[in-house]
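The values are calculated or read from the model by the stated rules, or taken from the named source; none is laboratory data. Computed from a predicted model, the values in this text were never measured in an experiment. Every residue, glycine as well, gets a Cβ built from its backbone with ideal geometry; the counts of neighbours run over all protein chains shown.
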Amino acid sequence: MTQQIVARFVFQPDRAAEFLFDEGQLVTELHVDSIEEVMEYVLQFDDALEDAIVLVPGLINQESGKRIYNTISLLDSTAAALAQEEAEALAKAEAEAEEEEGA
């Protein structure tokens with residue numbers, strides 16, 4: 001039996017009512033089959049999310065017999081990846097501009 005991934009979405013207080021039923025609720029949890037499925041939700045609701053956390057099932061601790069979950073904060077990871085892409089694109093554009101000036 002495959003363990004499902006747990007995705008927790010934290011909505012911005014002013015947008016939570018658009019997605020959640022209980023007044024004052026900011027967090028919801030979904031059980032999904034893949035990180036790709038979680039990322040689809042993140043991309044779909046990005047402007048309304050404060051955070052998206054994924055709990056990925058890992059190994060079972062031999063001493064306790066409990067499953068260990070790896071935690072990933074997707075918005076932080078996504079923001080870091082986007083910032084890296086932007087920095088690389090900017091560096092490439094600057095290098096190309098310097099080449100054109102030197103030619």
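Summary of values
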item: Residue list for segment 59-89, filter: over 16 Å from the mean Cα position of the chain (by Cα), of a type in the set (A, V, I, L, M, F, W, C) and modelled with pLDDT under 70; result: A87
item: Complete set of residues in segment 32-47 that are loosely packed, with under 15 Cβ neighbours inside 10 Å and closer than 14 Å to F19 by Cβ; result: Q44, D46, D47
item: Qualifying residue in segment 19-31 (condition: assigned to a loop (DSSP other than H, G, I, E, B), out of contact with any helix residue (DSSP H, G or I) (no Cβ under 9 Å at 6 or more places or on another chain) and surrounded by 15 or more Cβ atoms within 10 Å (Cβ to Cβ)); result: yes
item: Number of the exception - E101 against (1) of a type outside the set (S, T, N, Q); (2) modelled with pLDDT of 85 or more; (3) part of a helix (DSSP H, G or I); result: (2)
item: Scope segment 40-61; condition free of Cβ contacts under 8 Å to residues at least 40 places away in the same chain, more than 18 Å from P13 (Cα to Cα) and touching a Ser or Thr at 6+ places or on another chain (Cβ under 8 Å); matching residues; result: none
item: Subset of segment 32-53 (residues that are more than 9 Å from the chain's Cα centre (by Cα) and assigned to a strand (DSSP E or B)); result: V32, L49, E50
item: Conditions (1) under 14 Å from I72 (Cα atoms); (2) among the hydrophobic types (A, V, I, L, M, F, W, C); (3) touching a strand residue (DSSP E or B) at 6+ places or on another chain (Cβ under 7 Å): number failed by M39; result: (3)
